[in-house]
2 protein chains.
Amino acid sequence: MDISTLFLLIATSGIVAIAYIGYLTWRILKEDEGTKEIKEISGYIREGSNAYMKRQYSLIAAIIAVIAIIIAVFVGPLVGIAYGIGGLCSSLTGFTGIFIAVRSNSRTANAARTKGLGKALDVAFKGGSVLAFSVVGIGVLGITSLFLLFGGYDMSKAVDVANTIIGFSFGASTVALFARVGGGIYTKAADVGTDLVGKVEKGIPEDDPRNPGVIADNVGDNVGDVAGMGADLFESYVGAIVSSMILGAILYQLPGGISKVEWVLLPLIVSAVGIFASIITGFTIRGDPATALTRATIISTVITAVISYFVMTNLLGSAWFEPFVSILCGLIVGVIIGETSDYFTSNRYSPTKRVAIADQGGPALGILTGFSLGMYSVFIPIVFIAVGELIAYSVGGLYGVAISAVGMLSISGTVVAADAYGPITDNAAGIAEQAKLPGEVRDICDKLDSVGNTMKSVCKGFAIGSAALTAIAFLVTMTQIPAFTQYISEVGSLDRILSILNPKLFAGLLIGSAFPAFFTGVVVLAVSNGANKLVDEIRRQFREIKGIMEGTAKPDYAQCVTIITTNAIKSLVLPGIIAIIAPLIIGFLIGPDALLGMSAGAIITGLLLGLFQGNVGNTWDNAKKYVEAGNLGGKGSPTHAAAVIGDTVGDPFKDSSGPGLNIFIKLMTITALVFMPLIIQYFI
Amino acid sequence: MDISTLFLLIATSGIVAIAYIGYLTWRILKEDEGTKEIKEISGYIREGSNAYMKRQYSLIAAIIAVIAIIIAVFVGPLVGIAYGIGGLCSSLTGFTGIFIAVRSNSRTANAARTKGLGKALDVAFKGGSVLAFSVVGIGVLGITSLFLLFGGYDMSKAVDVANTIIGFSFGASTVALFARVGGGIYTKAADVGTDLVGKVEKGIPEDDPRNPGVIADNVGDNVGDVAGMGADLFESYVGAIVSSMILGAILYQLPGGISKVEWVLLPLIVSAVGIFASIITGFTIRGDPATALTRATIISTVITAVISYFVMTNLLGSAWFEPFVSILCGLIVGVIIGETSDYFTSNRYSPTKRVAIADQGGPALGILTGFSLGMYSVFIPIVFIAVGELIAYSVGGLYGVAISAVGMLSISGTVVAADAYGPITDNAAGIAEQAKLPGEVRDICDKLDSVGNTMKSVCKGFAIGSAALTAIAFLVTMTQIPAFTQYISEVGSLDRILSILNPKLFAGLLIGSAFPAFFTGVVVLAVSNGANKLVDEIRRQFREIKGIMEGTAKPDYAQCVTIITTNAIKSLVLPGIIAIIAPLIIGFLIGPDALLGMSAGAIITGLLLGLFQGNVGNTWDNAKKYVEAGNLGGKGSPTHAAAVIGDTVGDPFKDSSGPGLNIFIKLMTITALVFMPLIIQYFI
């Protein structure tokens, strides 16, 4: 196959993804939105989401513009342009996801009302798929176009071009952090604040329309779990592809490196295969939602592996084995991480039940038991990531490490769809409650929602696992770029610089390890501050607006949305700035080796804390759900009260700081990667 | 100065420490124990402590014997003997500490009753000092005697001898882990279980004699905070000395290394200086306890620095500067860590008050706020450890890194005394309550106790900081031992092996990072299991023994002690085994480079989690104390109830898993160090 055919095939996959989005959107919008009440409530949510998205992305656009100019001036104009485009593409993904999410929620509720579970599942999954195929489609098309635009068609320029499109990935990272953190703070401040007054103080059920914070809470699902999560995965997806392309290009130019130019394009090819596999998988979603969604990741994995095998043996000839094994490592590790998260967080298994049982001894014992099991839960994923990386390296070298991340992420089309399906059904359940639809409708939505919860924790594991792999790929790439090679030749041997006994590297390792903790502190504190403000506002409304509790007066939903929006917008700046400024400070102050160490340190503790927070939050959440399902005394029992406290503690972990860490470690390492040449210049 | 004079001086410091213990013991035992009631209650505590110590140390002795034999057979008979002696010395320290602690508690209570605060402070601090000078005295004497016994007097054999006495440090580590973890599980299971029924269910005050668990709770202070803590610091103390001696000996024999044999003995000399400084400091303890104790660490630091300066310029001539700066780094970093912990955990400062304020919004917000601040609190210590190590290395090389740990630990005589003072006053307060002494007595004891709390968090920071430094010293030593040098010459370049891009090392780094999390999970779960069992037993006694609440019948204290003892003894084995087995598995399975990486990974996350857990636990505890002091509604308010939940969650963090991590990372790294030659043999 010649290069142009390859490019054509890759581009086709992206275009097919976009066309598929069009098809899905058409199918969703064709569905009936339902009753006046449904429309009204969905309208509130849509308004709130749009208002938040506008404010968030205006701020992000300003930040991106400033950083793009800095990059253009100090690193290179093309990198600056790529950065801007990367930011734009990421934002586009988020907007597409939200656009359809706030339109699928009502249609899912209505489908549950008129056509039952099967149809509701179908609509919700289609809604999630729109986000998923935006991620992969825009990702593949964006990288491919930029690569060609910058002259990558001439493979002798491949290294330079690849080094330029790192800007694309950097732009995506920046948007992702702000979107994920902002959305995460929004959604949990709204959730916690609304519940603290509604459920705990007033004793009214979740999603009750009398609660002034209820719309803010519903909006939160969209801006946090849809837009934020999409930006997160988009970033991992393009990051893994770009870093493997750079390594492929460097290896291609190295004497004694690989002989096939195809290695540079392999990451895009595998991603293209994954897109087709995910589309095929989409057609298998039917029947029991729990089985259908759990099956989906396995089906995608198998299809991707099989097609990749045929494509790669055909394309690379006898050289197919090494990269294929590396890709397989990524795919398998992804499945293992997902399954482990599922085991530790689903109330089908003993860990979550154990937490619920401990809640009988009061909230402290429930929290302690959850905490211990959360600590256990990181062990298997980390060990498997380590082993996967070791195997990928042993067969494929540094390139193998990078491409294994591409392998894991190639099935993003399926994973993201299954994840984004969750907030849509959650919204649908909320709408069913507020629109006072019959009990069966709410039951269907709840059933879909509880499956969504399981998928959410599987995807959370996948997100942090792939983030670690991507960040490791960035780390590896850092040591292979031309500037670094020059640094080595000026300063000493490569190995001495990279030695763990190099005191600067070790100091960096320690300092880097402290940042994910600091980041967690900042984000969790922002959530509790926001929740506190919302609590005050909701209490004020109940006090001042007469008749809310009797249902004769309407609460001021918009005011709650505004308060939470402002808090999130104000709070999202600091964490993002830390991720970008900290590597620069350490790099310029101590040196390139310290910066390398810092990246590694942040990856290590970021992975640990990210996995822990994601899992423990879901465990507490599902332990509460287990009690609510009528076990151990059920709703209203002291055990339930204890479980609710555990759930509230876990909320910001699982939806704000935990997922934020994914991007934090990627943004930190890619900042190091992009500014490394500048820092090296300063030192030689 | 010739070598024999040096040895004489060092030995003198050890003998002076032992003589000082004798003096202190005599002074304490001379004090009157007081009323019949005081004697009776103190007697119960003494009995319970002795019973636990006997069971724990019988088990530990058996484990030590087995491991000593394994070491003697596989590593070398002398190392095996050194291991046994190390274990013995550590146990001796623990027993001495407990012996005097369970005799000072009653005398402190009685001194408070008859002579007021000044005298009570004096007795309690003397009690703590006995443990402190056991640690430093037995440490210095043990190492010196072994070194001479094994022929280290002939400096040409110094490397071999130093490599042998690593066994001493290993033995001390092993005992330390079991004692710290066992004691930690004991003390918190007793504390949490007793409070859950007593304070929460029955609404009776802390230390109320009607609570069947009250004696178990008092015993816990001794076996956890006295014996466990002493073993922990003993281990850091001897570990730092031994690893610096090995590095000194290697450097001495290296062509182009240092020229002065004194470097081998310098760690012992600095420790000797620290002993004298601590004795001098002891005489400054008077007046307001808070000021006196905070002042004490500063005074010791300054005296040690000044005397060291004179000794080192005299001893090393122009070569004094580099090691002196390294030692100073350790001393200063120790003070910074302590001060940071104090800031984040004392209710004199805003963080703890902020947690108390958040408790007004319920337990979840209090826990979240504490969690965030705990995450913040690790940042400064880790950064300063990194910077300290960087400076120590820059001036003193690898030896500088190791000796900086010795510098930090040289003032252990003071720090341990200030720490062990806490549980003695805590016990005294308990005795005052149970013996129904007048309110003023309890107030004096409480005042002393609350100062003890501050010192405890300062010392906790010190313990984990010094553990990290010691573990780093072990890590550095690992790469310098003869076997490793041989490995390098067989397998490739040193730097390539140590490269962070070496996939085996990186895999080890990741895997190692997961172990402290797993360890935390195991320990916290053991505490909650123990607490649950105790809750059942206390409930049973209240139910079956009529008249407990009315004070007409006595609860069965002994049964509670037995249950908690059995739980702790059963639970302490697994964490210890993990620390020893895991390095062997990774080492033999993946290789020496993976083992190195694993040690580094465990240090990084162990330091992070250890600092976090120690600080956050104290923050919640002191937030509760802040409310109990009458703020924000005071005792009995909903804010207080929320704060109690936070305190209970923090209990096992600060006293079981957190301090356990100190030793866990040391034991893991020293296991790696001791078995490294064997593992290398297997691979070449």
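The table for this structure:
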{"quantity": "Only one of B:GLY139, B:GLY152, B:GLY87, B:GLY171 that is open to solvent by less than 10 Å² (accessible area, probe 1.4 Å), modelled with pLDDT of 95 or more and within 19 Å of B:GLY248 (Cβ to Cβ)", "calculated": "B:GLY139"}
{"quantity": "Out of B:THR194, B:THR284, B:THR291, B:THR187, sole residue that is outside any helix (DSSP H, G or I) and either of a type in the set (Val, Ile, Thr) or at pLDDT 85 or above (or both)", "calculated": "B:THR284"}
{"quantity": "Answer from A:VAL535, A:VAL527 - the residue that is touching a Pro at 6+ places or on another chain (Cβ under 9 Å), facing chain B (nearest Cβ under 10 Å) and open to solvent by less than 30 Å² (accessible area, probe 1.4 Å)", "calculated": "A:VAL527"}
{"quantity": "Hits in segment B:372-387 (condition: open to solvent by less than 10 Å² (accessible area, probe 1.4 Å), among the aliphatic types (A, V, I, L, M) and closer than 14 Å to B:ILE337 by Cβ)", "calculated": "B:VAL378, B:ILE382, B:ILE385, B:ALA386"}
{"quantity": "Search result, residues across segment A:489-521 that are under 14 Å from B:ARG496 (Cα atoms) and assigned to a helix (DSSP H, G or I)", "calculated": "A:LEU494, A:ASP495, A:ARG496, A:ILE497, A:LEU498"}
{"quantity": "Yes/no for A:ILE581 being within 26 Å of B:ILE391 (Cβ to Cβ), modelled with pLDDT of 90 or more and more than 14 Å from chain B (Cβ to nearest Cβ)", "calculated": "yes"}
{"quantity": "Residues within segment A:592-608 that are more than 10 Å from chain B (Cβ to nearest Cβ) and among the aliphatic types (A, V, I, L, M), tallied", "calculated": "2"}
{"quantity": "When residues of segment A:388-397 are limited to those that are open to solvent by less than 60 Å² (accessible area, probe 1.4 Å) and facing chain B (nearest Cβ under 7 Å), the one nearest to A:ILE603 (Cα to Cα)", "calculated": "A:GLU389"}
{"quantity": "Some residue of segment A:347-360 being at the interface with chain B (Cβ under 9 Å from one of its Cβ atoms) and of a type in the set (A, V, I, L, M, F, W, C)", "calculated": "yes"}
{"quantity": "Index of the failed condition, A:GLY118 passing every other in (1) under 29 Å from A:ASP556 (Cα atoms); (2) assigned to a helix (DSSP H, G or I)", "calculated": "(1)"}
{"quantity": "Residue list for segment A:162-183, filter: farther than 14 Å from A:ASP217 by Cβ and of a type outside the set (A, V, I, L, M)", "calculated": "A:ASN163, A:THR164, A:GLY167, A:PHE168, A:SER169, A:PHE170, A:GLY171, A:SER173, A:THR174, A:PHE178, A:ARG180, A:GLY182"}
{"quantity": "Pair list, Cβ < 6 Å and 6+ apart or interchain, from segment B:138-159 residues that are free of Cβ contacts under 8 Å to residues at least 60 places away in the same chain to residues that are among the charged types (D, E, K, R)", "calculated": "B:GLY151/B:LYS157"}
{"quantity": "Search result, residues across segment B:625-645 that are among the basic types (Lys, Arg) and in contact (Cβ under 8 Å) with a residue 40 or more places away in the chain", "calculated": "B:LYS625"}
{"quantity": "Total residues in segment A:486-516, condition open to solvent by 30 Å² or more (accessible area, probe 1.4 Å), more than 7 Å from every other protein chain (Cβ to nearest Cβ) and without any contact (Cβ under 8 Å) to a residue 40 or more places away in the chain", "calculated": "3"}
{"quantity": "Search result, residues across segment A:320-356 that are open to solvent by 60 Å² or more (accessible area, probe 1.4 Å), assigned to a helix (DSSP H, G or I) and of a type outside the set (A, V, I, L, M, F, W, C)", "calculated": "A:GLU322, A:GLU339, A:TYR343, A:SER350, A:LYS353, A:ARG354"}
{"quantity": "Condition check for A:ASP443: free of Cβ contacts under 8 Å to residues at least 60 places away in the same chain, among the acidic types (Asp, Glu), open to solvent by 30 Å² or more (accessible area, probe 1.4 Å) and part of a helix (DSSP H, G or I)", "calculated": "yes"}
{"quantity": "Tally of residues being within 19 Å of the chain's Cα centre (by Cα) and over 27 Å from A:MET598 (Cβ atoms) across segment A:622-654", "calculated": "2"}
{"quantity": "Check on B:PRO423, buried (at least 24 other Cβ atoms within 10 Å of the Cβ), more than 8 Å from every other protein chain (Cβ to nearest Cβ), within 21 Å of B:GLU206 (Cβ to Cβ) and modelled with pLDDT under 95", "calculated": "yes"}
{"quantity": "Boolean, A:THR479 is over 24 Å from the mean Cα position of the chain (by Cα), more than 24 Å from A:GLY338 (Cα to Cα) and touching a residue at least 24 places away in the same chain (Cβ under 8 Å)", "calculated": "yes"}
{"quantity": "Conditions (1) more than 21 Å from A:ALA471 (Cβ to Cβ); (2) among the β-branched types (Val, Ile, Thr); (3) in contact with a strand residue (DSSP E or B) (Cβ under 8 Å, 6 or more places away or on another chain): number failed by A:VAL524", "calculated": "(3)"}
{"quantity": "Condition met for A:TYR44 (open to solvent by less than 70 Å² (accessible area, probe 1.4 Å), touching a Ser or Thr at 6+ places or on another chain (Cβ under 6 Å), modelled with pLDDT under 95 and part of a helix (DSSP H, G or I))", "calculated": "no"}
{"quantity": "Where A:THR369 falls short, out of the listed (1) surrounded by fewer than 20 Cβ atoms within 10 Å (Cβ to Cβ); (2) within 14 Å of chain B (Cβ to nearest Cβ)", "calculated": "(1)"}
{"quantity": "Count of segment B:538-566 residues which are open to solvent by 10 Å² or more (accessible area, probe 1.4 Å) and either within 14 Å of chain A (Cβ to nearest Cβ) or not hydroxyl-bearing (Ser, Thr, Tyr) (or both)", "calculated": "19"}
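Each row is one residue, and each column tells you yes or no for (1) surrounded by fewer than 24 Cβ atoms within 10 Å (Cβ to Cβ); (2) in contact with a strand residue (DSSP E or B) (Cβ under 8 Å, 6 or more places away or on another chain); (3) at negative phi; (4) not hydrophobic (A, V, I, L, M, F, W, C).
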position: B:GLY617; (1), (2), (3), (4): no, no, yes, yes
position: B:SER637; (1), (2), (3), (4): yes, no, yes, yes
position: B:GLY650; (1), (2), (3), (4): no, no, yes, yes
position: B:LEU673; (1), (2), (3), (4): no, no, yes, no
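The values are calculated or read from the model by the stated rules, or taken from the named source; none is laboratory data. Only a predicted model underlies this, so the values are computations on that prediction, with no experimental measurement involved. For neighbour counting, all protein chains shown are included, and Cβ atoms are generated from backbone atoms with ideal geometry for every residue, glycine included. Just the protein is used for accessible areas: all its heavy atoms, side chains included, with ligands, DNA and RNA removed. Shrake-Rupley method; radii C 1.70, N 1.55, O 1.52, S 1.80 Å.
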